[in-house]
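Asker: One structure follows; several queries about it will come next.
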DNA sequence: AATGAATGAGTGTTCATTCAT
DNA sequence: AATGAATGAACACTCATTCAT
């Protein structure tokens, strides 16, 4: 089954799935719920996605592309990286992880049940790529002298852990915009101490 | 719930529930699975827990007590805290979060679906208590001079985020014992730079 | 409930429910049994009725409408009532109560367990309406002189009791067609003595 | 299993069963409920009654003995029967049927589901005996001249129908004591017209 | 392409019964 | 005699999937 059909409905269903899988997990989310949220009829979901598992797979893997593009772009500009560039990068990461709430939840849902979902493989591969990306940044920063000596692997693990954990360290929406607080902490992981006034 | 019954079976069922809820989530885990894992018959699960939700609630909230005890003990010894004590504390935290894999997964599962599970309240309260605990440590350390000036609230959020995220930053068991790498990163969040040889 | 769906299946399920609830009571009757009796699949029952209780409610209350129509029609012709008309009416009532065996059983089942089934309210209301109907007939008959003086309320209670009890006063089908015997007795409740040859 | 055991507990369980079977039917009534109502422990019910069905059978059949004794006694005094004696008898019957609410409900429950409960046989036999009893009274009364000519079989059917139906002709407890109204109606079935003042 | 009625496997839960204490 | 923990068959109900329209 090719996918000429309406790309708009396809997207509506995707967004509905992302939201509901994030909020209720895989099993609790029903096709009926997704159809309703997407504003399409029950059977239409099956017109665009072969089955529930296929829709879930799409929700988990499709958004990765965007972040991969980000890494690709950032790599190209790495030779001219400065401390300021790094700070901006960290800020971008934090914003990305804080804003894509639905997507991040789905990711963590899958990582939390690795034996259950085969999608874990795509996420593993992505995490690996991201850590290597960070390690390259670390080496660049240490070479250029704007980062203190650290073990790049340690930092890459710690930084990813931190990004993944941010959204789990509080639950009330009120705190959701404290990006700057997290930014200072993230920079410390790179060995950068902000000066307190 | 001071039922006479067999506390051993109660515990078996609890452990089975903890494991399976962690691995498969709430809905995917069936009572039949839990009974099998616990080595009891189907109906026996209902002899010890009113229903599936009650067993889940127990799995989420009961283990909190142990960590609350830890915080209580650590508070009593806070007046005599040194940098070494703090390092040990951090090491304990990392070990705790890395070793209680099943429990941590369940926690993150609930935090990831806060609208769905009312157990989130107990976790919110606990997170609050933990952050205050860290903030008090920060103040003590800054007073005594073995911690650099930082915003205690920022650090407490960052540190909890880091602990919560550790287990989500990799998925292969092989990496699960890199406690020391994480320890260095955690100390950086407190403003402590280890000297690299 | 103006669902499009197939009204034929809806009716099949209704009839199956009426029969089985009558024969086995509410709890003993299973949805599986009803589906089988109706010649539909298990899940289809739930396509037409929200749940077992809703189907039961329909079985108890829907048939009342027909008898209410009967009373409405009879009221319109009450001004021209004669002894012969009354005799015909009584005969109709007896036939109705003797022929709708399934329905009458369900009614009596509910009346026998009034605390258990909320449907009792609709039946209460109906019984009230029926007794008032009989009382109006009594008054008409006494005014016109073809009924002897009696307490209309007493008669209405006695007559309803008699109608309800007919089907309970024997159990073998053989006796089920003795309509005429019951008719004579019913007329006596109105104060009419048939002359024995 | 003989039944030396405690007759008091046996009776408590019997009464509890009678009440709950009457109120909720057979399937809805649980052994646990009965034990609770009887004030004994769960397992004790099985000490006195082999199983649920055996207890139910006892509830249905045991009380018949009392009414059979009544008929036996009344038969002995039949030769000296007068209109006044008959009126008293009718009054007794009405009182009996109105007062033994739990028992009557259970009876009607069984009669309503004759294919389901084998106890129906004992009830059939009893109804037969009762109708013959009434027929003998009719003949005595007609012989002695205090009853008008009627078909004894018709009257016996009608009278039993009336007695069985009384409790089904209203549902509110308020009306439960209108014994006298029913008495007048019952006498009409025997062909006796009370004179209205 | 879009729909939703039909299906039945699979779920949580109840409860009569057994039996060791 | 009295108890209640253990068991698993049986139930109401949900929901992914199919398919005729």
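Asker: I'd like the full set of residues that are surrounded by 15 or more Cβ atoms within 10 Å (Cβ to Cβ) and farther than 21 Å from residue B:108 by Cβ, limited to the range B:65-75.
Answerer: Scanning the range B:65-75 gives a single hit, B:74.
Asker: Going by the structure shown, is residue D:194 outside the structural domain of residue D:73 (by TED's automatic domain parsing) and at pLDDT below 90?
Answerer: yes
Asker: Return only the number of the condition from (1) under 12 Å from the mean Cα position of the chain (by Cα); (2) not assigned by TED's automatic domain parsing to the domain that holds residue D:180 that residue D:31 does not satisfy.
Answerer: It is condition (1) that residue D:31 fails.
Asker: Tally time: how many residues in the range B:44-57 are within 16 Å of DNA strand F (Cβ to nearest atom) and away from every other protein chain (no Cβ under 14 Å)?
Answerer: Residues in the range B:44-57 being within 16 Å of DNA strand F (Cβ to nearest atom) and away from every other protein chain (no Cβ under 14 Å): 8 in total.
Asker: Still on this structure, I have one more. Regarding residue C:67, is this residue assigned to a helix (DSSP H, G or I) and either outside the structural domain of residue C:141 (by TED's automatic domain parsing) or within 14 Å of DNA strand F (Cβ to nearest atom) (or both)?
Answerer: Spelling it out, it is not the case that residue C:67 is assigned to a helix (DSSP H, G or I) and either outside the structural domain of residue C:141 (by TED's automatic domain parsing) or within 14 Å of DNA strand F (Cβ to nearest atom) (or both).
Asker: Restricting attention to the range B:13-39, report how many residues are under 18 Å from residue A:29 (Cβ atoms), within 13 Å of DNA strand F (Cβ to nearest atom) and touching a residue at least 12 places away in the same chain (Cβ under 8 Å).
Answerer: Final tally of qualifying residues: 1.
Asker: Residue by residue through the range D:139-176, note down the ones that are more than 11 Å from chain C (Cβ to nearest Cβ), at pLDDT below 90 and exposed (fewer than 14 other Cβ atoms within 10 Å of the Cβ).
Answerer: D:174
Asker: Do we have any residue at all in the range D:148-162 that's in contact (Cβ under 8 Å) with a residue 60 or more places away in the chain and either within 18 Å of the chain's Cα centre (by Cα) or outside the structural domain of residue D:29 (by TED's automatic domain parsing) (or both)?
Answerer: No, because not a single residue in the range D:148-162 is in contact (Cβ under 8 Å) with a residue 60 or more places away in the chain and either within 18 Å of the chain's Cα centre (by Cα) or outside the structural domain of residue D:29 (by TED's automatic domain parsing) (or both).
Asker: For residues that are more than 10 Å from DNA strand F (Cβ to nearest atom) and outside any helix (DSSP H, G or I), scanning just the range B:1-12, find the one that is surrounded by the most Cβ atoms within 10 Å (Cβ to Cβ).
Answerer: Looking at the filtered set, the residue picked out is B:1.
Asker: While we're looking at this one, here's another question. Please work out which one of (1) on the phi < 0 side of the Ramachandran plot; (2) assigned to a helix (DSSP H, G or I) is the condition residue B:50 fails and give its number.
Answerer: All conditions pass for residue B:50, except number (2).
Asker: How many residues does the range A:99-118 hold that are closer than 17 Å to residue A:67 by Cα, more than 7 Å from chain B (Cβ to nearest Cβ) and either in contact with a helix residue (DSSP H, G or I) (Cβ under 6 Å, 6 or more places away or on another chain) or crowded, with 21+ Cβ neighbours inside 10 Å (or both)?
Answerer: So the count comes out to 5.
Asker: Could you run through the range C:43-64 and say how many residues are exposed (fewer than 15 other Cβ atoms within 10 Å of the Cβ) and under 30 Å from residue C:144 (Cβ atoms)?
Answerer: The total comes to 0.
Asker: Further question: Go through the range B:84-98 residue by residue and tally those that are under 18 Å from residue B:182 (Cβ atoms) and loosely packed, with under 15 Cβ neighbours inside 10 Å.
Answerer: Counting residues in the range B:84-98 that are under 18 Å from residue B:182 (Cβ atoms) and loosely packed, with under 15 Cβ neighbours inside 10 Å gives 3.
Asker: If you don't mind, another one. Find the residue count for the range D:19-44, including only residues that are within 13 Å of DNA strand E (Cβ to nearest atom) and either under 14 Å from residue D:108 (Cα atoms) or assigned to a helix (DSSP H, G or I) (or both).
Answerer: 17
The values are calculated or read from the model by the stated rules, or taken from the named source; none is laboratory data. Keep in mind it's a predicted model, so treat the numbers as computed, not measured. In this analysis, Cβ positions are derived from the backbone assuming ideal geometry, glycine residues included, and neighbour counts consider all displayed protein chains.
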